[in-house]
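The values are calculated or read from the model by the stated rules, or taken from the named source; none is laboratory data. Only a predicted model underlies this, so the values are computations on that prediction, with no experimental measurement involved. All Cβ positions, glycine included, derive from the backbone under ideal geometry; neighbour counts span all protein chains shown. These accessible areas exclude ligands, DNA and RNA; they are computed on the full protein's heavy atoms, side chains included. Shrake-Rupley method; radii C 1.70, N 1.55, O 1.52, S 1.80 Å.
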Amino acid sequence: MKKGLYILLLCLGLSTVFFAAAGRVHAALGESVKSVASDMKALSAARGNITSHDGYTVQEINSPSVAVREYISASGVVFGVAWNGLVRPDLTQLLGSYAAEYRETLRQTPRARGRRSLRIETNHIVVEEWGHMRNLRGRAYVPDLIPPGVSVDEIN
Amino acid sequence: MKSTRPFLVFLILVLAAGCGGGSGGGSSSGTSGSSNADNIVSITVNGSLCSGGSYPNKPCVSVKVCAPGASSCQTVNDILLDTGSYGLRIFKQALNVSLEQVTGGSGSLAECIQYADGSSDWGPVQTAGVILGNEPAVQVPIQVIDSTFGTAPRGCQNADKSPADAGFNGILGVGFFVQDCGSVCASNADNGIYYVCSGSTCSGTEVTLSSQVQNPAALLPQDNNGVIVQLPGIPANGSASVTGDLVLGIGTRSNNAPSDVSTYGADQFGDIVTNFNGVSYISFIDTGTNGLFFPSPSASQLPDCPFPDSDWFCPQSTVSLSATTQGASGSPGGVVPFEIGNFDSLISSSNHIFDNIGGNQRGEFAWGLPFFLGRTVYIGMEGKSSSLGSGPFWAY
């Protein structure tokens with residue numbers, strides 16, 4: 001009976017992940033993939049592939065202008081996002097509850113003229129941007145939420 | 001989403017019960033000139049074409065901008081020469097000629113351009129007669145940078161307000177693409193770049209390629225297959241200012257015939273490959289980036305400078321390094337030696353141009369202005385060819 005319960009729970013968990021992949025929803029940084037309330041309409045994006053890696057899954061969300069990849073831990077928490085495209089995705093959407101501290105740190109960061117990249121480190125998250133016109137790239141992650149054994153370089 | 005939760009729970013239960021996996025499921029005008037000098041645009045790195053107090057390694061040109069019909073023209077200095085972008089953008093504050101607003105539907109076309117340093121430019125798209133060197137004027141849509149135009153979209157909430165914000169009067173993007181956006185903006189209204197504004201209301205719009213902001217160098221009647229950036233070499237401790245040339249056209253006249261260079265084809269995004277320290281990086285070559293930016297091989301070899309210059313490297317003594325650049329398709333490969341000096345020491349002199357400053361940056365190898373010092377760099381326009389091959393490419 002105990003074994004059956006485990007299987008049920010496992011299936012429940014798996015199906016939740018599958019639902020998240022198939023649904024019209026995506027997660028914001030630090031939020032649970034199950035409790036997502038924002039939909040992809042905010043990014044005008046469509047569901048892309050979901051790929052499994054050691055310790056996490058990556059869900060792609062694609063709009064005509066930008067491809068976003070969400071890094072989701074085995075426990076269903078989004079610990080990183082990465083993007084590339086013609087535009088930067090709406091970070092207010094992607095950073096979720098961290099958006100305010102990002103904006104505040106960004107506001108306090110002096111302009112580095114002549115640069116084509118940016119690194120913002122707040123109390124809780126790191127946001128990095130690089131690239132150039134027609135190929136703007138970047139990533140954001142919560143260092144404390146990166147699963148054990150997963151390298152920050154895998155968020156790309 | 002709250003109202004759909006019962007359905008969500010039901011669906012999860014159904015899926016769990018079966019334990020079934022869901023399936024993841026421009027046009028030109030005038031006649032071409034014939035004098036050799038006509039296709040030369042002077043560059044000063046810092047120096048007379050830049051505004052006072054410019055940041056290090058800033059390449060400037062002047063551009064002549066005319067009202068359509070060339071009834072009135074104006075020469076604008078302190079325009080950043082940028083091989084990493086496409087099209088001309090000038091701050092409204094620096095313009096005193098009236099340009100022709102490009103329409104989109106029943107409104108005015110505007111655009112939001114974002115840069116990888118987190119900055120952005122917002123403003124209307126207007127047609128100007130743009131004169132590069134002594135070339136014939138090209139009638140081309142440009143962006144008039146104006147953060148007060150209509151209502152800036154969310155992607156341009158932090159748009160530059162003035163030349164002082166940005167550090168220049170405008171940007172001349174002469175990289176190898178013709179439009180700043182391209183086909184995506186021609187077929188999707190929700191592209192995040194182009195908007196149509198009526199009064200203060202702006203909404204996303206599709207824009208034909210010919211109405212998009214375009215690279216004036218690609219629209220020249222004769223010298224339209226690429227550009228050449230020529231800057232002199234400088235001493236290891238830097239220079240106060242240097243002058244060079246932006247030559248329009250590749251092999252279209254006697255003064256722009258290429259020789260002794262390798263051609264590195266770029267991919268659809270405008271990138272090549274640089275192999276450095278055993279790693280293969282996405283890479284680009286950009287006059288608009290003022291240093292060499294790449295992942296530090298080690299903090300002991302290339303440490304960051306102390307705050308507030310921690311974007312830059314401050315090794316105790318100058319470090320000699322080398323990388324291999326490759327075309328996007330994998331060939332050819334060419335060794336590029338370079339040096340990184342101590343930014344804080346170099347910058348403390350009265351010099352403003354350095355071929356050996358750089359900083360730590362993840363994810364890519366950005367060959368900024370130092371790459372161009374002492375080199376002749378050919379930039380081949382997409383869809384055009386020359387004896388160096390078909391664009392987009394860099395050759396050096």
Problem - Residue selected from segment B:176-204 under the condition more than 27 Å from B:Thr287 (Cβ to Cβ) and within 13 Å of chain A (Cβ to nearest Cβ), by the criterion most open to solvent (accessible area, probe 1.4 Å) - result: B:Asp190
Problem - Residue, farthest from B:Leu346 (Cα to Cα), within segment B:234-257, restricted to residues that are open to solvent by less than 30 Å² (accessible area, probe 1.4 Å) and assigned to a loop (DSSP other than H, G, I, E, B) - result: B:Arg253
Handout entry: Residue check, B:Gly374 more than 14 Å from chain A (Cβ to nearest Cβ), more than 19 Å from the chain's Cα centre (by Cα) and farther than 18 Å from B:Ile282 by Cα
Key = yes
Practice task
Those residues that are within 12 Å of another protein chain (Cβ to nearest Cβ) and either surrounded by 15 or more Cβ atoms within 10 Å (Cβ to Cβ) or of a type in the set (A, V, I, L, M) (or both), I need them from segment B:293-309; list them, please.
Solution key: B:Phe293, B:Phe294, B:Pro295, B:Asp304, B:Asp309
Fill in the blank from the handout: Counting only strands (runs of 3 or more DSSP E) wholly inside segment A:56-138, the ones holding at least 2 residues that are more than 10 Å from chain B (Cβ to nearest Cβ) are A:56-62, A:66-73, A:78-85
Problem - Among the candidates B:Gly167, B:Gly173, residue that is under 30 Å from B:Leu49 (Cβ atoms), within 10 Å of another protein chain (Cβ to nearest Cβ), open to solvent by less than 10 Å² (accessible area, probe 1.4 Å) and not acidic (Asp, Glu) - result: B:Gly173
Exercise for the section: Any chance you could count how many residues in segment B:145-164 are more than 11 Å from chain A (Cβ to nearest Cβ) and open to solvent by 10 Å² or more (accessible area, probe 1.4 Å)? Expected result: 10
Exercise for the section: Pull up segment A:90-108, narrow it to residues that are open to solvent by less than 50 Å² (accessible area, probe 1.4 Å) and of a type in the set (S, T, N, Q), then point me to the one that is nearest to B:Phe269 (Cα to Cα). Expected result: A:Gln93
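Of these, A:Tyr98, A:Tyr102, which one is within 15 Å of B:Gln157 (Cβ to Cβ) and touching a Leu at 6+ places or on another chain (Cβ under 8 Å)?
Details: A:Tyr98 fails: within 15 Å of B:Gln157 (Cβ to Cβ).
Every option except A:Tyr102 fails the conditions.
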Fill in the blank from the handout: Counted residues in segment B:80-113 being under 30 Å from B:Tyr55 (Cβ atoms) and in contact with an Asp or Glu (Cβ under 9 Å, 6 or more places away or on another chain) come to 15
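Can you name every one of the strands (runs of 3 or more DSSP E) wholly within segment B:54-119 that holds 2 or more residues which are away from every other protein chain (no Cβ under 14 Å) and farther than 23 Å from B:Leu132 by Cβ?
On the way: elements: B:59-66, B:73-82, B:86-91, B:107-114.
It comes to B:107-114.
Is there a residue in segment B:366-379 that is polar (S, T, N, Q), on the phi < 0 side of the Ramachandran plot and exposed (fewer than 15 other Cβ atoms within 10 Å of the Cβ)?
Going through segment B:366-379, the residues polar (S, T, N, Q) turn out to be B:376.
Add one more test, that the residue is on the phi < 0 side of the Ramachandran plot, and what stays is B:376.
Still in the running and exposed (fewer than 15 other Cβ atoms within 10 Å of the Cβ): none.
The answer is no, given that none of the residues of segment B:366-379 is polar (S, T, N, Q), on the phi < 0 side of the Ramachandran plot and exposed (fewer than 15 other Cβ atoms within 10 Å of the Cβ).
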Practice task
With respect to A:Gly131, determine if the residue is open to solvent by less than 10 Å² (accessible area, probe 1.4 Å) and at positive phi.
Solution key: yes
Problem - Filtered residues of segment B:121-140 (kept if open to solvent by 10 Å² or more (accessible area, probe 1.4 Å) and either of a type in the set (A, V, I, L, M, F, W, C) or closer than 17 Å to B:Phe91 by Cβ (or both)) - result: B:Gln126, B:Ile131, B:Ala137
Practice task
Check A:Pro110 against each of (1) under 19 Å from B:Tyr115 (Cβ atoms); (2) in contact with a Pro (Cβ under 8 Å, 6 or more places away or on another chain); (3) at pLDDT 95 or above and name the one condition it does not meet.
Solution key: (3)
Exercise for the section: Check whether at least one residue in segment A:84-93 is within 29 Å of B:Phe177 (Cβ to Cβ) and among the acidic types (Asp, Glu), and report yes or no. Expected result: yes
Completion exercise
The condition of being at pLDDT 95 or above and open to solvent by 60 Å² or more (accessible area, probe 1.4 Å) holds, among B:Ser331, B:Ser317, B:Ser349, only for B:Ser317
